[in-house]
Structures are given as structure tokens and as C-alpha cells.
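Okay, so here's the structure we're looking at.
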Amino acid sequence: MATSDAPTLMDLPMADRPILVVQPSAAAEFDRMRTKRNRPDAVLRVRVIVDSGCGDFRYAMGIEPGPRDGDRSIPAHGVTVVVDQESAELLRGSTLEYSDSLMDGGFKVLNPRAQSVCGCGQSFSLTGREITSEHLRGGLGGL
């Protein structure tokens with residue numbers, strides 16, 4: 001079988017996909033951050049919260065001392081990412097990556113279930129409704 005014929009994660013039914021695939025770039029950046037803060041055992045929490053701004057939901061991340069009861073732990077590239085039960089299904093099949101690009105750098109969640117995404121990359125909708133960025137009102141976006 002040629003490598004191009006090999007099944008990918010996108011070929012799996014959504015229920016069989018991992019909750020979150022952590023790219024090496026994201027793991028390396030989180031490891032750098034926890035080392036800088038002298039927190040070698042810290043975990044990265046990724047969650048989805050209801051958003052009253054741009055989209056229906058928004059991603060949130062934080063450094064925490066360890067997992068909480070009920071969390072799903074995702075070991076990847078020497079770090080651990082944790083996801084709470086409520087966020088797990090909204091994130092299922094997503095990829096966490098990191099870019100140090102000057103224009104749009106930072107952690108990014110690429111979610112195949114998101115039907116529309118805010119320009120900021122943090123807010124999304126599962127329904128496909130048009131998202132108007134709250135970040136573009138006033139300030140530089142109003143030019």
C-alpha cells in the first residue's frame with residue numbers, strides 16, 4: 001500500500017478520533033513556558049467555554065499544577081495537556097499547534113467541527129452562523 005493510501009485521522013469517524021492531537025511545536029512552546037516559570041510538573045489546560053462575544057464558543061488555555069478530577073490527560077512530546085469532560089467532545093478531532101509568526105503567532109486550535117471561526121482564532125461556531133469579530137470594532141479594525 002502506498003503511503004498516500006494510508007488512512008489518516010480525518011478518515012476516522014469523529015467518535016474514534018483522539019480528543020486533541022498536540023503538535024511538537026505546541027509541546028515545545030509549553031515546555032519552554034513551564035521551564036521559564038520553574039514549574040516542571042505543570043500541565044497545559046485546554047478548554048472550551050460558552051462565548052458571548054464573537055462566536056458560540058471560545059478556547060481558553062492555562063498553566064496548572066496538575067489535572068483535576070474528571071480531566072482527560074493527553075501526554076504528548078514530553079508534556080501533558082488536560083481537557084475537562086465538558087470540553088472533550090467539542091474538541092474531539094482537533095489539533096493544537098504553535099507558531100512564532102509575528103502576525104498571527106501563538107497557540108492555535110484547529111477544530112474540524114468548527115463551521116465558522118473568528119479572525120482572532122479563539123471563537124468559533126458549530127452551527128455555521130456568520131461570526132463578526134468583536135476585535136475589529138473600533139481600534140485599528142475601524143480604519
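The values are calculated or read from the model by the stated rules, or taken from the named source; none is laboratory data. For clarity, every value in this text was computed on a predicted model and none was experimentally measured. Backbone-built Cβ (ideal geometry, glycine too); neighbour counts: all protein chains shown. Heads up: the accessible areas ignore ligands, DNA and RNA and are worked out on the full protein's heavy atoms, side chains in. Shrake-Rupley method; radii C 1.70, N 1.55, O 1.52, S 1.80 Å.
When the range 81-99 is limited to residues that are touching a helix residue (DSSP H, G or I) at 6+ places or on another chain (Cβ under 9 Å) and open to solvent by less than 40 Å² (accessible area, probe 1.4 Å), the one that is nearest to Asp41 (Cα to Cα) turns out to be Val81. Restricting the first member to the range 33-48 and to residues that are touching a residue at least 12 places away in the same chain (Cβ under 8 Å), and the second to residues that are among the acidic types (Asp, Glu) and surrounded by fewer than 17 Cβ atoms within 10 Å (Cβ to Cβ), the beta-carbon pairs closer than 7 Å and six or more apart or on different chains are Ala42/Glu64; Val43/Glu64; Arg45/Glu64. Here Ile19 fits the description: touching a helix residue (DSSP H, G or I) at 6+ places or on another chain (Cβ under 6 Å) and modelled with pLDDT of 85 or more.
Here Pro18 passes the criteria (1) in contact (Cβ under 8 Å) with a residue 60 or more places away in the chain; (2) in a strand (DSSP E or B) except the one numbered (2).
Look through the range 22-51, keep the residues that are under 20 Å from Glu89 (Cα atoms) and either of a type in the set (Phe, Trp, Tyr) or assigned to a loop (DSSP other than H, G, I, E, B) (or both), and return whichever of them is least open to solvent (accessible area, probe 1.4 Å). Ranking the candidates gives Asp51 first.
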